[in-house]
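The values are calculated or read from the model by the stated rules, or taken from the named source; none is laboratory data. These figures come from a predicted structure and were not determined experimentally. Heads up, the Cβs are rebuilt from the backbone with ideal geometry, glycines too, and the neighbour counts pull from every protein chain shown.
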Amino acid sequence: MPPSPCALCKINRALILRPKDHSKLCKPCFISVFETEIHHTITTNALFHRGEKIAIGASGGKDSTVLASVLKTLNERYDYGLELILLSIDEGIRGYRDDSLETVKRNAEQYEMPLTILGYAELYGWTMDQVVEQVGKKGNCTYCGVFRRQALDRGAARLGVKHVVTGHNADDVAETVLMNLLRGDLPRLSRTTSIITSTPSAVSADPDSHTNIKRSKPLKYAYEKEIVLYAHHKSLDYFSTECIYSPEAFRGSARALIKNLERVRPSAILDVVRSGEDMAKLVPGSDEGCGGTCSTSIPLAEEEEGGCGSSAGRTVGSDMASMEQQLSQNENVSEAGLEVEITSKRVDVMAQRHDRLTDAVPLPPRKKGQKVKGQGAAFTPKKATKQVMGQCKRCGYLSSQDICKACVLLEGLNKSRPKNAIELGYEEQESETPKAETTNMTNGMNKVQLGPG
Amino acid sequence: MSEPKDVGDIGITVEFSGGLEMLFSNERKHKLSIPAKDSTGAPLNVGYLVTYLCENVMKDARKDLFVLDGTVRPGILVLINEADWELEGEETYEIQPGDNILFVSTLHGG
Ligand SMILES: [Zn+2]
Ligand SMILES: [Zn+2]
């Protein structure tokens, strides 16, 4: 194939084929267009205001590294007047975060941003290694995911920062849209598609001292492919790894579906994101669809569901598999004539199906009665939905239950914590781990390290 | 019986990043000398290179983390001399001496 010229400057050789519109761009034009689009996302959604202090949730991975780089560039170029800091969470998984935290430290120097690293040990009293020791490798991702979700908000509250930005990209959002559609979880669909959310988080141990932490996703419309290309062409320093405790199956996951869709029709990812937004507007009781008449224009943040993965909201193969199984069961039911006709009583059926679906999808433990009540509320006018989200009575964090998921998990952990583990500090415990055990663990890590995302 | 003529090897650079290097002995950069023709005598293209890498360079057994259903797994970008392989004809691109082929995974987070 003869080299094609760049569609913008018409001079340089095109190196990038943009997934969203098939335009062929040279390297400098691509970098410029990518940055300009993020700037456009920021200004049209009024994400920031002058003088605001922003914590960038930084993991050393591609998304947050690109986010930090682009925000620094834009803050200087367009004089946003932002104070940018990096906030990293250390889950306490030996051998997993070491390299990525080193990357974040280098990023802090490269971008001249102050860096704070907060550990699960400090935030929750438990490292993930200790959790795994306690609960085993199965199901520990639930803990990790729930803790991670709150960690950034808790960390920001401690630092007195009221706005956290994360590196969620268009692929992440599209995946979440698909998962929530398949589950029939429309309220969650509405919350997860929003570019800004707000989370009540306690500043201290006193639940009453809460502050609202704003969360936003400036890369929401940026393709994962372009994020990786941007990092590559700007030679950004990032680190790639997978959680050693979560060997995820790529085949059959919603992520795989997204990537396959992209290959067939690259614009599909943004189409799914936009469709998700449009559907969210139609959800009764959603903040997006309230037309500004409800009390707040910023929807509450999403409570984290189970699941680990490097990016929040990423799903695994088994999720899709169990959903598929449930769907085919539903089909059998309707073939047997047991189900009411969908067209006439659609809402009722959706609600029923939804309840059954949710039961099939592995979720962290909840109280059964309350769950059904809360989800039923999604199909009644908005006031009922708004009552669903409150604050945890123990820690002040956003929660649909009296006690948030993190506090429930912590309670379980603390109850079953062996006596000696209480007496031993984390540091001591680490040094006392026998050599042989460490070696075994490392082998295990190598085996699962490249678990697909 | 005429064997395809040995036309000698060509030198290329193959790179892996974004987490893929873990499948290739944790080495990002591989300087390779590969046959200029494939087993049928046709000039070597990227499609064949991928098979070649799987069979000769990749020591890791998890081939499906690199190749899925006969092609590079969705989510892995291929850059041929810095250009998106979609601009170069993807698998049909014929490899030239000195080419740099980069495989970068988008699937690994952080
Ligand atoms: Zn150009
Ligand atoms: Zn709580």
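The figures follow:
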quantity: Selection count where residues are assigned to a loop (DSSP other than H, G, I, E, B) and more than 14 Å from every other protein chain (Cβ to nearest Cβ), scope region A:95-117; calculated: 4
quantity: Any hit, region A:67-83, residues being buried (at least 21 other Cβ atoms within 10 Å of the Cβ) and among the β-branched types (Val, Ile, Thr); calculated: yes
quantity: Failed criterion for A:ILE16 (all others in (1) touching a helix residue (DSSP H, G or I) at 6+ places or on another chain (Cβ under 7 Å); (2) away from ligand 1 (no atom under 16 Å from the Cβ) hold); calculated: (2)
quantity: Residue, nearest to ligand 2 (Cβ to nearest atom), within region A:53-77, restricted to residues that are more than 14 Å from chain B (Cβ to nearest Cβ) and under 23 Å from the mean Cα position of the chain (by Cα); calculated: A:ALA55
quantity: A:PHE30 within 9 Å of ligand 1 (Cβ to nearest atom), of a type in the set (Phe, Trp, Tyr) and at pLDDT 95 or above; calculated: yes
quantity: Test for A:GLY92: is it more than 14 Å from every other protein chain (Cβ to nearest Cβ), crowded, with 22+ Cβ neighbours inside 10 Å, small (Gly, Ala, Ser) and in contact (Cβ under 8 Å) with a residue 40 or more places away in the chain; calculated: yes
quantity: Failed criterion for A:TYR124 (all others in (1) within 21 Å of the chain's Cα centre (by Cα); (2) crowded, with 24+ Cβ neighbours inside 10 Å; (3) within 14 Å of chain B (Cβ to nearest Cβ) hold); calculated: (3)
quantity: Hits in region A:18-37 (condition: surrounded by fewer than 21 Cβ atoms within 10 Å (Cβ to Cβ) and in a strand (DSSP E or B)); calculated: none
quantity: Checklist (1) more than 10 Å from chain A (Cβ to nearest Cβ); (2) assigned to a loop (DSSP other than H, G, I, E, B) applied to B:PHE103, failing item; calculated: (2)
quantity: Hey, B:ASP69 buried (at least 17 other Cβ atoms within 10 Å of the Cβ), more than 7 Å from chain A (Cβ to nearest Cβ) and of a type in the set (Asp, Glu) or not; calculated: no
quantity: Test: residue in region B:44-51 that is within 13 Å of another protein chain (Cβ to nearest Cβ) and over 25 Å from A:ALA256 (Cβ atoms); calculated: yes
quantity: Test for B:THR92: is it under 13 Å from the mean Cα position of the chain (by Cα) and of a type in the set (S, T, N, Q); calculated: yes
quantity: Residue tally, condition assigned to a loop (DSSP other than H, G, I, E, B) and without any contact (Cβ under 8 Å) to a residue 24 or more places away in the chain, over region A:43-77; calculated: 2
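Residues are listed down the side, and each one gets a yes or a no for (1) in contact with a Leu (Cβ under 6 Å, 6 or more places away or on another chain); (2) surrounded by 22 or more Cβ atoms within 10 Å (Cβ to Cβ):
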{"site": "A:ASN12", "(1), (2)": "no, no"}
{"site": "A:GLY57", "(1), (2)": "yes, yes"}
{"site": "A:ASP63", "(1), (2)": "no, yes"}
{"site": "A:ILE85", "(1), (2)": "no, no"}
{"site": "A:GLU102", "(1), (2)": "no, no"}
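Yes/no matrix, rows are residues, columns are (1) closer than 19 Å to A:LEU101 by Cα; (2) touching a helix residue (DSSP H, G or I) at 6+ places or on another chain (Cβ under 6 Å); (3) of a type in the set (Asp, Glu); (4) surrounded by 24 or more Cβ atoms within 10 Å (Cβ to Cβ):
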residue: A:TYR111; (1), (2), (3), (4): yes, yes, no, no
residue: A:PRO114; (1), (2), (3), (4): yes, no, no, no
residue: A:GLY119; (1), (2), (3), (4): yes, no, no, no
residue: A:MET128; (1), (2), (3), (4): yes, yes, no, yes
residue: A:GLU133; (1), (2), (3), (4): no, no, yes, no
residue: A:ASN140; (1), (2), (3), (4): no, yes, no, no
residue: A:CYS144; (1), (2), (3), (4): yes, yes, no, yes
residue: A:GLY160; (1), (2), (3), (4): no, no, no, no
residue: A:HIS163; (1), (2), (3), (4): no, no, no, no
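Yes/no matrix, rows are residues, columns are (1) in contact (Cβ under 8 Å) with a residue 12 or more places away in the chain; (2) assigned to a helix (DSSP H, G or I):
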residue: B:GLU15; (1), (2): yes, no
residue: B:MET22; (1), (2): yes, yes
residue: B:LYS31; (1), (2): yes, no
residue: B:ILE34; (1), (2): yes, no
residue: B:GLU55; (1), (2): no, yes
residue: B:ASP60; (1), (2): yes, no
residue: B:LEU77; (1), (2): yes, no
